[in-house]
Amino acid sequence: MPVKLKSSQVQQNFGQAMDQAMVDDDVIVERYGTPRVVIVEYRRYQQLVEAERALLSARLQQASAAASARAAHLSEDEVEDLIERAREEVHQESVAT
């Protein structure tokens, strides 16, 4: 179960907060009663980053498959037209900003 500490406690006892994160569980650091950051063991951090990458990859693969399925019935001319329209939209957005 995560441990909640006030930011002042962490400032005064950072080593202890790190030890808690490494041995016990995540340490949630609160400021004025609001969770602001979490101290996690490095291995757990690596697992979280890898899980995030895997999820993003799966979402991109799903989006790609869905786009391919939608485009399967389009002619080459229709595909080229859609690509050109997308380029124009991107160009207009970049000019507007």
Q) Can Leu55 be described as of a type in the set (A, V, I, L, M), out of contact with any Leu (no Cβ under 7 Å at 6 or more places or on another chain) and in a loop (DSSP other than H, G, I, E, B)? A) no
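Residues to consider are Leu74, Leu60, Leu48, Leu82; find the one that is free of Cβ contacts under 8 Å to residues at least 12 places away in the same chain, in a loop (DSSP other than H, G, I, E, B) and out of contact with any Cys (no Cβ under 8 Å at 6 or more places or on another chain).
Details: Leu60 fails: in a loop (DSSP other than H, G, I, E, B); Leu48 fails: in a loop (DSSP other than H, G, I, E, B); Leu82 fails: in a loop (DSSP other than H, G, I, E, B).
None of the other options fit; the residue is Leu74.
None of the figures in this text is laboratory data; all of them are computed from the coordinates on show. Please read all numbers here as calculations on a predicted model, not as lab measurements. With ideal geometry, Cβ positions are generated from the backbone for all residues, glycine too; neighbour counts draw on all protein chains shown.
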